[in-house]
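The values are calculated or read from the model by the stated rules, or taken from the named source; none is laboratory data. Everything numeric here is computed off the predicted structure, so don't read it as measured data. Note that we place each Cβ from the backbone using ideal geometry, even for glycine, and neighbour counts take in every protein chain shown. All accessible areas refer to the heavy atoms of the entire protein, side chains included, with ligands and DNA or RNA removed. Shrake-Rupley method; radii C 1.70, N 1.55, O 1.52, S 1.80 Å.
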2 protein chains.
Amino acid sequence: MKPLHHPRAEDLSIYAVLHALAEPARMTIVRRLVEADGKPCGTFGINLSKSTLSAHFKVLREAGIIRQEVAAGNSRVNTLRREELDARFPGLLDSIVHAVEQSEPALPPV
Amino acid sequence: MKPLHHPRAEDLSIYAVLHALAEPARMTIVRRLVEADGKPCGTFGINLSKSTLSAHFKVLREAGIIRQEVAAGNSRVNTLRREELDARFPGLLDSIVHAVEQSEPALPPV
DNA sequence: CCGTATGTTCGCTGATTGGCGAACACTCGA
DNA sequence: TCGAGTGTTCGCCAATCAGCGAACATACGG
């Protein structure tokens, strides 16, 4: 497993972040990470093909929202880049996640 | 001038809001309204064609971010739907606008 | 009534998006 | 060594997006 490229915190674009979160499947990924950080790609309970999911993870990673690191075996652990996001865009992630939590049904258990 | 359709506050979608704001020209419109609310379409200092601008206003309006009302003459006054947005998505608009203000140069005077 | 000014709508275009399956890369266990 | 499991990459496709000019609608002023 090759390590993937992650943008530096100071290079994050607010437009890339908003675009990444303006999509239900990607928002679901983020919500899952908020409730339990550090999950492998296959454990998000999203009914999409592997390739589509992989593309969504890539969008989130390139927007600087998540980190994808090589884990035991051939899996990747996905984590939120929360400190860096909060430092650069204070309150942003919280208000967005709160907005979706309160305007959409809770996610079913995995 | 026909009045335009505006979605009800309780029907606003977080995805529509994020998508609307994930575009620089539309973000500029919102920033202008934050600094001075109630401006006609032609006064935003954005270098795009009339038709493109009109389309951007439409996206913002249909996302529930702005209100476009018939004004004196044939112009439309654009205002932020701030109270409704804040009621439905608390803190969202503020944190997004703050994020872009602090990560991008200030807008030039009109 | 006729020009000017403000916006909207209607094609059209090229670029991006989100979806998929197939193929590939890699690691772990049997 | 050989599956099985996990993820990425590569085409491909249909849909959406952002841009434009031209044409239309409407209102004000001379």
task: Residue by residue through the stretch B:60-94, note down the ones that are surrounded by fewer than 18 Cβ atoms within 10 Å (Cβ to Cβ), within 14 Å of chain A (Cβ to nearest Cβ) and of a type outside the set (Asp, Glu).
output: B:87, B:90, B:91
field: Top-ranked residue in the stretch B:97-110 [being open to solvent by less than 80 Å² (accessible area, probe 1.4 Å) and farther than 13 Å from residue B:28 by Cβ; ranked as farthest from the other protein chains (Cβ to nearest Cβ)]
entry: B:103
- prompt: Restricting attention to the stretch B:25-51, and to residues there that are in contact (Cβ under 8 Å) with a residue 24 or more places away in the chain and within 9 Å of DNA strand D (Cβ to nearest atom), which single residue is surrounded by the fewest Cβ atoms within 10 Å (Cβ to Cβ)?
  reply: B:25
task: Could you tell me which residue of the stretch A:1-10 is nearest to the other protein chains (Cβ to nearest Cβ), considering only residues that are more than 13 Å from DNA strand D (Cβ to nearest atom) and either in a loop (DSSP other than H, G, I, E, B) or open to solvent by less than 30 Å² (accessible area, probe 1.4 Å) (or both)?
output: A:9
query: Quick one: which of B:22, B:16 is more than 18 Å from residue B:83 (Cα to Cα), at pLDDT 95 or above, facing chain A (nearest Cβ under 10 Å) and buried (at least 18 other Cβ atoms within 10 Å of the Cβ)?
result: B:22
- prompt: In this structure, is residue A:22 touching a Lys or Arg at 6+ places or on another chain (Cβ under 8 Å) and closer than 25 Å to residue B:98 by Cβ?
  reply: no
- line: Scanning the stretch A:36-77 residue by residue, the ones that are among the acidic types (Asp, Glu), closer than 22 Å to residue A:109 by Cβ and over 12 Å from the mean Cα position of the chain (by Cα) total 0
query: Name the pairs whose Cβ atoms lie under 9 Å apart, with the first residue in the stretch A:71-89 and free of Cβ contacts under 8 Å to residues at least 24 places away in the same chain and within 16 Å of DNA strand D (Cβ to nearest atom), the second of a type in the set (D, E, K, R) and open to solvent by less than 40 Å² (accessible area, probe 1.4 Å), and 6 or more positions between them or separate chains?
result: none
